[in-house]
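Reading through the structure tokens given below for one structure.
Each value in this text was obtained by applying a stated rule to the coordinates, not by laboratory testing. Here the structure is a predicted model, which is why all the values come from computation and not from measurement. As a convention, Cβ positions derive from the backbone with ideal geometry for all residues, glycine included, and neighbour counts pool all protein chains shown.
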Number of protein chains: 2
Amino acid sequence: MSENSPSMPIARSVDALRTAVRDWRRQGFTVSFVPTMGALHEGHLTLVREAGQRADKVVASVFVNPTQFAAHEDLGTYPRREAEDAALLAGAGCDLLFAPTVGEMYPDGFVTSVAVGGPSQGLETDFRPHFFGGVAVVVAKLLNQVQADVAVFGEKDYQQLMVVRRMARDLDIPTAIVGAPTMRDGHGLALSSRNAYLSEPELDVARCLNGVLAEAAIKAADRRPLAAVERDAYSDLLKAGFERVDYVAVRQADNLAPFPNGVVEAPARILAAAWVGKTRLIDNLAV
Amino acid sequence: MSENSPSMPIARSVDALRTAVRDWRRQGFTVSFVPTMGALHEGHLTLVREAGQRADKVVASVFVNPTQFAAHEDLGTYPRREAEDAALLAGAGCDLLFAPTVGEMYPDGFVTSVAVGGPSQGLETDFRPHFFGGVAVVVAKLLNQVQADVAVFGEKDYQQLMVVRRMARDLDIPTAIVGAPTMRDGHGLALSSRNAYLSEPELDVARCLNGVLAEAAIKAADRRPLAAVERDAYSDLLKAGFERVDYVAVRQADNLAPFPNGVVEAPARILAAAWVGKTRLIDNLAV
């Protein structure tokens, strides 16, 4: 399908999705997959283009997964604009949009949960304890529904990427999990659907997050004590105008475990979550 | 491969298994799968023959899954006899034996768990709370490893069959889950690898289980109050020589929920677990 196809099909059911993928398989095509919650921005489209480099056909899903939102979170107001998303996907080379209803994904009688220990411990889980349970189930389902050769996830949600990779490996889901670099605006702000919630003054604050992390990453790489690095970054974020910082932490890059000696001794990642007004932002960088 | 092939291959790794299955797929063959814990008897071989009816190629696995045994249970003494099992499988028409090590199934860093509510509640779970967690993970893994069109499970482990079916549906694992009827000896005793633990006098007791359940099933089908039906069956089992009865219960056949009005009002199943000496037996019948 061409880059600007106006006729990208939309599958609403798992059956329709599988029929399309089976057809491609019969013709010998490989398949890649990009799961999203819609409200697409250039970051998502980069994932779609990356997926297009890795397989003959690209499936993207748009599904705002209720099980990864807590009751007080923004499930109801999370931006939904399917027609716009579909046009963006088609333009980025997506061959099929899978956009199931909640009822198709979680029919009556649904009772199964998936828990991933290890990389899901701490960080996001300390503040959104329900989150990775919801992610693990919906991603397990989506991967099994699409049965792609490869699935592409953004490094923007780095802990999620580690959790998904661990789950897919542990459950032997036969889809390779690939991470793609975070896209940023000209000021270093990681692209996120939730950036749409930010006012102009909030945007100015949000754009400081990446710089604070970059500075802390340099100190961490320099083997400075992580407790001090994290404390300084925490107070720098508050000074920059963030109202609350959920965490700033330097962890081992592969399993997100803390460094036992309090200094970086292996590939590392710095991760943070902080609030601007009513909007919670996350970001991370390689150390 | 012929019914009496002496050359059935054995795959020890997921890679070797997948290579074999991929080869068959390329040749256009369909694939069925029978998971076992080995110590095979005629019941297992019936599942293998059933699998052979449903696909061109049959994979069977032999893996004594440690995560479904509690510390005090019989993991260490569970019978292991691979050469004998392999010969029996080949004779029943199995085309490939998958016999992984514990390290292949649960490598270092393994941290994922799968929980199935609904049909896993009560019955076995009241007495083996760890059991279905272990079953759900290993079956999810095996199904994803083999990627068969259909997998055949024995109705002997009826609650397990319902849990596996629910999990496969909830996680969209693309393998159809099929149940096959329980095989029994001439006295009605359900075939089980654990029957090998029974002495002759214990065997006489064990052979009463099916009769007690059959009689209770008739009463239940007659819409007698289930509390009385279950109580009578319970005491009949003790009279027959069982030392302890974990449960005798009549449940809805599809989701194993109790009947809200205490009488059978829909397709039903009677299920029991009881002890003869140190051996725990389970059985069940359609009502």
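Let me know the charge dipole size of the range A:1-157 about its Cα centre in debye, to the nearest 20, where only the beta-carbon of Lys, Arg (+1) and Asp, Glu (-1) is charged.
About 440 debye.
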Taking each pair of different alpha-carbon atoms in the range B:131-287 once, compute 1/r for the pair, average those values, and report the inverse of that mean as the Kirkwood hydrodynamic radius in Å to one decimal. 16.6 Å
Listed residue pairs exceeding 26 Å between alpha carbons, taken from B:Lys219/B:Lys239; A:Lys57/B:Lys57; B:Lys57/B:Lys156; A:Lys156/B:Lys141; A:Lys239/A:Lys278: A:Lys57/B:Lys57; A:Lys156/B:Lys141
The range A:27-70 to the range B:261-287: how many Å between their Cα centroids? 47 Å
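I'd like to compare B:7-13, B:171-177: which one has the highest average count of other Cβ atoms within 10 Å, and what's the full order after that?
B:171-177, B:7-13
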Charge tally for neighbours of B:Arg22 with beta carbon under 13 Å away, counting Lys, Arg as +1 and Asp, Glu as -1, is +2
Shortest first, in nm, what separates the label point of B:Ala286 from those of the same position in the other copies (7 Å along Cα→Cβ)? 6.0
If you count, for every residue in A:161-169, the Cβ atoms of partner chains within 10 Å of its Cβ, what is the mean? 2
Where Rh denotes the Kirkwood radius from the mean inverse Cα pair distance, what is Rg over Rh for the range A:92-220? 1.01
Among A:Val111, A:Thr36, B:Thr77 the positive-end extreme of the charge dipole of the protein assembly as shown (Cβ point charges): A:Thr36
Starting at the first residue of the range B:122-136, write each ³J(HN,Hα) from the Karplus equation 6.51 cos²θ - 1.76 cosθ + 1.60 with θ = phi - 60°, in whole Hz, x for Gly and Pro. x, 6, 4, 4, 5, 10, 9, x, 7, 4, 6, x, x, 5, 4
Local charge sum around A:Tyr247 (other residues, Cβ-Cβ under 13 Å, Lys/Arg +1, Asp/Glu -1)? +1
Restricting things to alpha carbons, find the Rg to Rh ratio for the range B:117-181 using the Kirkwood radius for Rh. 0.95
In a GNM of chain B with a 10 Å cut-off on Cα contacts, which of B:Pro201, B:Pro79, B:Pro225 has the highest mean-square fluctuation? B:Pro201
Restricting to chain B, compute how many DSSP beta bridges are antiparallel as a %, nearest 5. 50 percent
At 7 angstrom along the Cα-to-beta-carbon line, where would the label on A:Asn261 sit relative to the other copies? Give the distances in nm, shortest first. 7.2
For A:171-178, mean number of other protein chain Cβ atoms within 10 Å: 4
For the range A:193-281, report the translational diffusion coefficient in µm²/s to the nearest whole number, using Stokes-Einstein at 10 °C, 1.306 mPa s, and a Kirkwood Rh over Cα pairs. 118 µm²/s
Folded to 0 to 90 degrees: helix B:209-221 orientation relative to chain B principal axis, Cα: 70 degrees
Rounded to whole Å, √(5λ) for the Cα gyration tensor eigenvalues of the range A:10-180, largest first, gives 24, 18, 17
When the C-alpha atoms of chain B are aligned to their principal axes, what extent does each axis show, in angstrom, from largest down? 56, 41, 38
Put the label 7 Å from Cα along Cα→Cβ for B:Gly109; what are its distances to the other copies, in nanometres, shortest first? 3.8
Protection proxy ranking of B:208-216, A:233-241, A:132-140, B:24-32 - average other beta-carbon atoms within 10 Å, highest first: A:132-140, B:208-216, A:233-241, B:24-32
Residue of chain A nearest the A-to-B rotation axis [by Cβ], rounded angstrom distance: A:Val114, 3
Coordinate range along principal axes, alpha carbons of the protein assembly as shown, Å, largest first: 81, 48, 47
Taking every residue of B:106-112, the Cβ atoms of other protein chains inside 10 Å of its Cβ average out to 6
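As a footprinting exposure proxy, order A:Glu42, B:Glu230 by other Cβ within 10 Å, with the fewest listed first.
Fewest to most other Cβ atoms nearby, the residues stand as A:Glu42, B:Glu230.
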Of B:Val263, B:Val248, B:Leu238, farthest towards positive along the dipole that unit charges on Lys, Arg, Asp, Glu beta carbons give the range B:238-277: B:Leu238
